[in-house]
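A.B. asks: Take a look at this one; I'll ask things after.
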Amino acid sequence: MKAVVFETHGSLDNMAYCDAPDPEPGPSEAVIRVRAVALNGFDPMVLRGIPGLKTPMPMIPGADIAGEIVALGAAVDRSAWKVGDRVTVIPNQDHGMVGETLRGGASELFATDARYLLPIPEQVSFVDASCLPVAYGTALRMLETRTRLKPGEKVLILSAAGGVGTCCVQLAKAAGCEVIACASSEARAERLKDIGADHAVDTSRQSYVAEIHRLYGKPRVRGGGGVDVIVNYTGGDTWAECLRALGRQGRLLTCGATAGYDPRTDLRYIWSFELNIVGCNGWTRDDQIELLSRVADGRLKPIKHSELPLARFREAMVDLIERRVFGKAVLAP
């Protein structure tokens, strides 16, 4: 098969589109012909090497996989699965994370234990199914399970143009919230309005804190002003900064730290305004099933930045590295 492979950590030059051995199914495994694999922000990070994260070499990136079964191991339940079934993969598995500590699916074929398969509804394309697990699954758990948004709440989403962000915009709007979304250019900010944001902030020329103060007033210790919820998975310099936009008893949500995991903070805001910090780490099988259902009936629409053949993986990776992606970058082997 053809696959995207790297054998040592480092730059994009270490990654190649080349021949790789075809996988053979173990007794409990299925082999999938990959029809779409979506990339995530952690793919360039894994390529560079993440301290403390053991990556098998040679490594194939790509956690979010959709395709059709082409072979089944001897022990796989034939009443549950058959060759030709359209399936997507649950990447956060008991023994590791696909694309991080397990080889991924940026390849023509991919093998996994059949218990990590889900059927793709007839109404959902391979490309749309591939967009859902990591980014959309995390967004769903963060906003609905961990936070339980309420209609009428004001929700500020930082770095909203990526996979998690574009899903958060849609979920918050569907929950009846007023959505303020941030992006690093005017064009991306306008696109966020197109997918449901009530207000969009171009952070290349605007302060989102000042914009929140303009729209809703400065937060006050005894109530009023600011927003109810802030989604911040960037960390870094934005962490302490965003505390100035969060109203009394507001919730600050995090599921990552793309700009730095050890930011400065300001504890005065946390105790003075009785703020709540809410973490989210991944999603569940039921979350992924729910996402497939919402896409099938039109309640949710995966936002795609690009759909490129596997051989053009470099273009998709450069877009990720240079933060040009709006939505999800998908490779279609």
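The values are calculated or read from the model by the stated rules, or taken from the named source; none is laboratory data. Since the model is a prediction, treat every value here as computed from it, not as a measurement. Heads up, the Cβs are rebuilt from the backbone with ideal geometry, glycines too, and the neighbour counts pull from every protein chain shown. The accessibility values were calculated without ligands, DNA or RNA, using every heavy atom of the protein model including side chains. Shrake-Rupley method; radii C 1.70, N 1.55, O 1.52, S 1.80 Å.
A.B. asks: Based on the alpha-carbon gyration tensor of the range 67-157 and its eigenvalue square roots a ≥ b ≥ c, which shape applies: rounded if a/c is under 1.5, prolate if not and a/b is larger than b/c, or oblate?
C.D. replies: prolate
A.B. asks: Still on this model: Nearest 10 degrees, 0 to 90: what angle lies between the long axis of helix 163-174 and the longest principal axis of the chain (Cα atoms)?
C.D. replies: In the chain, helix 163-174 runs at an angle near 60 degrees to the longest axis.
A.B. asks: Sticking with this structure for a sec: Treating cross-link reach as a plain straight distance, find the lysines whose alpha-carbon is under 17 Å from the alpha-carbon of K301, omitting any fewer than eight places away in the same chain.
C.D. replies: Cross-link targets: K173, K193, K328.
A.B. asks: Among H199, F110, P219, whose Cα sits farthest toward the positive end of the charge dipole of the range 102-228 (+1 at Cβ of Lys/Arg, -1 at Cβ of Asp/Glu, about the Cα centre)?
C.D. replies: Of H199, F110, P219, it is P219.
A.B. asks: Using +1 on the beta carbon of Lys and Arg, -1 on that of Asp and Glu, and nothing else charged, what's the dipole of the range 264-333 about the Cα centre, debye to 20?
C.D. replies: Roughly 240 debye for the range 264-333.
A.B. asks: Classify the range 192-247 as rounded, prolate or oblate from the Cα gyration tensor: take a ≥ b ≥ c as the square roots of its eigenvalues, call it rounded if a/c is under 1.5, otherwise prolate when a/b beats b/c and oblate if not.
C.D. replies: Oblate.
A.B. asks: Then there's this: If the elastic network links every pair of Cα atoms under 10 Å, which of G165, G49, G104 fluctuates the most in the Gaussian network model of the chain?
C.D. replies: Looking only at G165, G49, G104, the largest GNM fluctuation is found for G49.
A.B. asks: Quick query: amide H of G250 versus all other amide H atoms, modeled in the peptide plane; which residues come in under 5 Å with a sequence gap of 5 or more or a different chain?
C.D. replies: N276
A.B. asks: A further question follows. Over what distance in Å are the Cα centres of the range 233-297 and the range 78-107 separated?
C.D. replies: A separation of 28 Å, based on Cα centres.
A.B. asks: Once you charge only the Cβ atoms, +1 for Lys and Arg and -1 for Asp and Glu, what is the size of the charge dipole of the range 22-70 about its Cα centre, to the nearest 20 debye?
C.D. replies: I would put it at about 220 debye.
A.B. asks: Gaussian network model of the chain, Cα springs within a sub-10 Å range: biggest mean-square fluctuation belongs to which of S28, S204, S79?
C.D. replies: With Cα springs under 10 Å in the chain, the top fluctuation among S28, S204, S79 is at S79.
A.B. asks: Under 22 Å Cα to Cα from K218, which lysines show up? Leave out anything in the same chain fewer than 8 places away.
C.D. replies: K150, K154
A.B. asks: Once you sort the root eigenvalues of the Cα gyration tensor of the range 66-108 as a ≥ b ≥ c, which label holds: rounded (a/c under 1.5), prolate (a/b larger than b/c) or oblate (the other case)?
C.D. replies: The shape class here is prolate.
A.B. asks: Can you give me the angle between helix 285-296 and the longest principal axis of the chain, using Cα atoms only, in degrees from 0 to 90, rounded to the nearest 10?
C.D. replies: 90
A.B. asks: At 222 nm, what helix-only mean residue ellipticity would the chain give, in deg cm²/dmol to the nearest 500, using -39500 (n - 2.57) for each DSSP H run of four or more?
C.D. replies: -6000 deg cm²/dmol
A.B. asks: Here are labelled values, (i) 149; (ii) 138; (iii) 126, and one is the computed volume of the Cα convex hull per residue in Å³ for what I pasted. Which one?
C.D. replies: Derived directly from the coordinates: (iii).
A.B. asks: Separate question: Please give me the summed charge of the neighbours of S28: other residues whose Cβ is under 15 Å from its Cβ, Lys and Arg +1, Asp and Glu -1.
C.D. replies: Around S28, the surrounding residues sum to -3.
A.B. asks: Looking at the chain as a GNM with Cα springs under 10 Å, which of D113, D262, D43 has the largest mean-square fluctuation?
C.D. replies: D262
A.B. asks: Can you list the cysteines of the chain that have no other Cys Cβ under 4.7 Å away?
C.D. replies: Here C18, C131, C167, C168, C177, C182, C242 come out as lacking a disulfide-compatible partner, given the Cβ-Cβ threshold of under 4.7 Å.
A.B. asks: Keeping all protein chains in place and using 1.4 angstrom, which order do V164, V87 fall into by accessible surface area, from largest down?
C.D. replies: If we order V164, V87 from most to least accessible, we get V164, V87.
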